[in-house]
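J.: This is the structure I have questions about; it appears just below.
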Amino acid sequence: MSRSARSPLLLAGLLAAAGTAHFAAPRQFDHIVPRFLPGSPRTWTYASGAAELALAAGVAMPRTRKAAALAAAAFFVGVFPANVKMAVDWRHRPAPQRAAAFARLPLQMPLVLWARGVARNAEGAA
């Protein structure tokens, strides 16, 4: 299988794993929900997990890949405030945890670019 054929499946797998984690261990995600969002953090945790699972399914299917990959790129931008909150909240934690929290911030850009690349490649495959 070529790299371009694997890429959407890997992205779908990442989204599916993250979405599943939101339901399997919601507490860890509840803590990073920005306080400015209305309602319960758990509601946002489950909603974002469901969104990730839906995006995973969409990216995995060739017919919906382009739209789902573009939506995934937007989703990665949209969850950036949660990563900022995590970095701020974890700034006094031990070095390994602090490093992980801060490393998430610049990693959002490659995720956005990856999803956009999957969408772009889906255009040529259609």
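J.: In Å², what does the accessible area per residue of the chain work out to with a 1.4 Å probe? Provide the component values of the computation, followed by the final result.
T.: Numbers: 7570 Å² over 126 residues.
Spelled out: the 1.4 Å probe surface of the chain, per residue, equals 60 Å².
J.: Grab the beta carbon distance between Ala99 and Ala17, set R0 = 30 Å, and tell me the FRET efficiency rounded to 0.05. Intermediate results must be reported in sequence, preceding the final value.
T.: Values: r = 21 Å, r/R0 = 0.72.
It comes out at approximately 0.90.
J.: Can you give the local net charge around Val79? Use residues other than it whose beta-carbon is closer than 11 angstrom to its beta-carbon, Lys and Arg +1, Asp and Glu -1. If you can, show how the numbers build up before the last one.
T.: On the way: positive: Lys85, Arg104; negative: Glu52.
That works out to +1.
J.: Something else now. Once the other residues with Cβ under 14 Å from the Cβ of Phe102 are scored (Lys, Arg +1; Asp, Glu -1), what is the net sum? All intermediate terms of the calculation are to be shown ahead of the outcome.
T.: Values: positive: Lys85, Arg91, Arg93, Arg98, Arg104; negative: Asp89.
Result for the local shell: +4.
J.: Right, another one. What do you get for trypsin sites (Lys or Arg not before Pro) in region 1-108 restricted to DSSP loop and a cutoff of at most 14 other Cβ within 10 Å of the site's Cβ? Walk me through the numbers before you get to the answer.
T.: Numbers: sites: Arg3, Arg6, Arg27, Arg35, Arg42, Arg63, Arg65, Lys66, Lys85, Arg91, Arg98, Arg104; in loops: Arg35, Arg63, Arg91.
Sites meeting the loop and neighbour criteria: Arg35, Arg63, Arg91.
J.: Would you mind getting me the FRET efficiency between Ala25 and Arg63? Use the beta-carbon distance for r and R0 = 35 Å, nearest 0.05. Show your work: numbers first, answer last.
T.: Numbers: r = 32 Å, r/R0 = 0.92.
That pair, Ala25 with Arg63, gives E of 0.65.
J.: Let me ask something additional. Roughly speaking, to the nearest percent, how much of region 34-126's 1.4 Å accessible area is carbon and sulfur?
T.: Carbon and sulfur: 69 percent of the exposed surface of region 34-126.
J.: Turning to a different aspect of this structure: Between Gln108 and Thr43, how high is the FRET efficiency from 1/(1 + (r/R0)^6) when r is the Cβ-Cβ distance and R₀ = 30 Å? Nearest 0.05.
T.: Working: r = 23 Å, r/R0 = 0.76.
So the FRET efficiency works out to roughly 0.85.
J.: Let me ask something else about it. If I take every Cα pair under 8 Å that is 6 or more residues apart in the chain, average their sequence separation and divide by the length, what percent do I get for the relative contact order? Don't skip to the answer; put the middle values down first.
T.: On the way: 135 pairs, mean separation 35.4, N = 126.
The normalised contact order for the chain reaches 28 percent.
The values are calculated or read from the model by the stated rules, or taken from the named source; none is laboratory data. Remember, predicted model here, so these are calculated numbers, not experimental data. As a convention, Cβ positions derive from the backbone with ideal geometry for all residues, glycine included, and neighbour counts pool all protein chains shown. For the accessible areas, the whole protein counts, side chains as well, though only heavy atoms, and no ligand, DNA or RNA atoms are used. Shrake-Rupley method; radii C 1.70, N 1.55, O 1.52, S 1.80 Å.
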